[in-house]
Amino acid sequence: MSDNNFFTGPDGISMPYSLDAEQAVLGSVLIDPSCMVQVQLHLRPEHFFLPQHEAIFSVMVAIESSGGKIDPLLVLERLKSEKVFDDASGKNYLFKLAEAVPSTKNVEQYAVIVRDKFYLRSLVKASREIIDDTINTDAETDMLLDSAEQKIYDIRRGKSTQGPSRLSDIIINEVYDKLNKLNSDEKDDYKGIPTGYADLDGLLTGLHKSDLILIGARPAMGKTSFALNIARNISLIGKKKVVFFSLEMSKEQLAQRVLSTEARVHSQKMRTGILEADDWTRLGLATSVLNECELYFDDSSDITVQEMKAKVRRMKNVDCVFIDYLGLVRSAVKKENRVQEVTEITRTLKMMAKDLRIPVVCCAQLSRGTEGRGKSHRPQLSDLRESGSIEQDADIVLMLYRKEYYDAEKRENDDDGDSSVENVVNEVDVIIAKNRHGPTNTVKLVWDSEHTLFVGIERLQHGM
């Protein structure tokens with residue numbers, strides 16, 4: 001079978017395709033409709049180069065999706081109604097397709113040839129667009145590189161750029177597919193990623209693909225520790241691959257904090273190095289446990305979202321990304337002020353989550369408005385600093401509130417002698433201020449400052 005045909009367009013550029021392979025795929029389905037199962041693993045209508053082949057395959061998909069059996073007569077009638085063929089030419093061409101099949105046993109290989117030619121044409125198209133963008137624009141080099149990388153990445157992912165999808169196609173090909181997977185033996189692979197906190201997961205149903213999740217808090221509330229706790233739970237308990245971008249703390253500091261939490265060794269001891277024999281034993285056991293973690297730290301400073309996205313792509317198969325924190329992320333595009341910069345950053349963070357199809361969790365600092373609110377210092381969405389786009393772009397906003405923190409001054413006047421905030425295990429409200437997929441509510445956790453650990457109430461009741 002020849003698989004080397006080229007169509008030279010008016011611009012002189014040749015587009016590769018395989019006439020024989022396209023005909024063999026369609027002919028195989030006409031001869032044996034059961035072939036459609038194998039073919040649809042690799043092909044969509046837009047993968048065909050010739051318009052009439054795309055139309056024929058679209059009709060086949062429509063018949064299959066509606067529960068009908070693919071039949072040459074049914075295919076012909078639909079093609080006639082859509083004015084692709086008249087009666088005589090349609091009959092002749094469908095007959096020709098059936099005759100063109102060497103063997104229906106090889107239908108999957110024919111489909112792969114058709115798909116690969118589509119990818120080659122996509123590369124040609126992307127290359128032309130990259131050249132045009134480079135020559136005919138004054139955009140910054142970093143933006144051009146990111147745009148070029150995105151075009152190639154879209155092809156590698158098999159992403160369709162052919163325009164909007166019909167509702168019925170989305171329901172049949174995507175919604176039903178996910179529902180079936182959620183009811184299969186492998187359903188855990190298709191649910192949201194659990195945070196490790198049962199009460200929180202009960203409301204969020206985990207962290208879902210393409211979601212941007214913000215963790216907002218005032219300084220010293222523990223947002224970095226909370227993000228680290230969740231990252232550890234996802235990578236160790238959930239067996240997922242997690243990347244944690246820290247623009248504030250070094251990789252060593254983060255690793256030390258995770259180790260301290262896992263070993264239940266006081267964070268102060270870790271900082272001073274004054275450790276007892278039992279501490280070393282705990283650290284050794286914790287190190288052995290954490291050896292199973294696919295948790296990666298990147299402490300690059302002055303980094304853009306585009307650069308983070310590029311690093312995640314190169315790592316491959318990353319399940320979740322954490323960023324600490326929003327205020328230190330640099331915009332790849334020069335803006336007049338910080339508000340415009342933050343708007344651009346949150347937009348690209350959401351695009352990153354959507355393009356990579358993974359949850360992106362980003363820490364954000366709240367404004368001082370919480371501290372000037374009289375007796376109640378509970379945060380609210382309006383306290384997100386610098387831009388209303390943060391609230392708009394986020395799918396989920398979590399806010400941390402420790403009443404104990406604001407009562408520190410009162411506690412210092414108590415007579416019990418144990419008034420230090422650092423030595424208090426206290427209650428934390430995780431306020432679900434926005435939840436695009438479900439209810440808003442408050443989840444109670446306990447903050448163990450000695451080990452920089454957040455513990456669920458339900459777990460505390462059964463022993464930590």
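The values are calculated or read from the model by the stated rules, or taken from the named source; none is laboratory data. Please read these numbers as outputs of a predicted model, since none were measured by experiment. A quick note on method: Cβ atoms are made from the backbone with ideal geometry, for glycine too, and the neighbour counts reach across all protein chains shown.
Among the residues examined, F95 does not qualify as over 12 Å from V25 (Cα atoms), touching a helix residue (DSSP H, G or I) at 6+ places or on another chain (Cβ under 6 Å) and of a type in the set (F, W, Y). Among the residues of region 62-92, those identified as assigned to a helix (DSSP H, G or I) and touching a residue at least 24 places away in the same chain (Cβ under 8 Å) are E64, S65, P72, V75, L79.
Take K239 and tell me if it is of a type in the set (D, E, K, R), under 23 Å from I213 (Cα atoms) and under 18 Å from the mean Cα position of the chain (by Cα). When the stated conditions are applied, K239 passes them.
Taking first residues from region 128-144 that are farther than 17 Å from T348 by Cα and partners that are modelled with pLDDT of 75 or more and outside any loop (DSSP other than H, G, I, E, B), the Cβ contacts under 7 Å between residues at least 6 apart in sequence or on separate chains come to E129/K151; I130/A148; I130/K151; D133/L144; D133/S147; T134/L144. Restricting the search to helices (runs of 4 or more DSSP H) fully inside region 209-320 and requiring at least 3 residues that are over 16 Å from A353 (Cβ atoms) and touching a helix residue (DSSP H, G or I) at 6+ places or on another chain (Cβ under 9 Å) gives 223-232, 251-263, 267-272, 277-290.
Would you say R115 is surrounded by 15 or more Cβ atoms within 10 Å (Cβ to Cβ), at pLDDT 90 or above and within 30 Å of Q306 (Cβ to Cβ)? Considered against the rule, which asks whether it is surrounded by 15 or more Cβ atoms within 10 Å (Cβ to Cβ), at pLDDT 90 or above and within 30 Å of Q306 (Cβ to Cβ), R115 comes out as yes.
Yes/no per residue for (1) at positive phi; (2) surrounded by fewer than 20 Cβ atoms within 10 Å (Cβ to Cβ):
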residue	(1), (2)
I274	no, yes
A277	no, yes
D302	yes, yes
V305	no, no
V318	no, yes
F322	no, no
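If you check S81, S127 for being of a type in the set (S, T, Y) and exposed (fewer than 12 other Cβ atoms within 10 Å of the Cβ), only one passes: S81.
The residues in region 92-109 that are closer than 16 Å to L76 by Cβ and of a type in the set (D, E, K, R) can be counted, and the count is 2.
Taking every residue in region 29-47 that is within 15 Å of I63 (Cβ to Cβ) and modelled with pLDDT under 85 and pairing it with any residue that is outside any loop (DSSP other than H, G, I, E, B) and not charged (D, E, K, R), at least 6 positions away or on another chain, the pairs with Cβ-Cβ distances below 9 Å are Q40/V61; Q40/A111; Q40/N173.
Every residue in region 93-110 that is among the charged types (D, E, K, R) and free of Cβ contacts under 8 Å to residues at least 60 places away in the same chain, please.
Listed by number, the list holds a single entry, K105.
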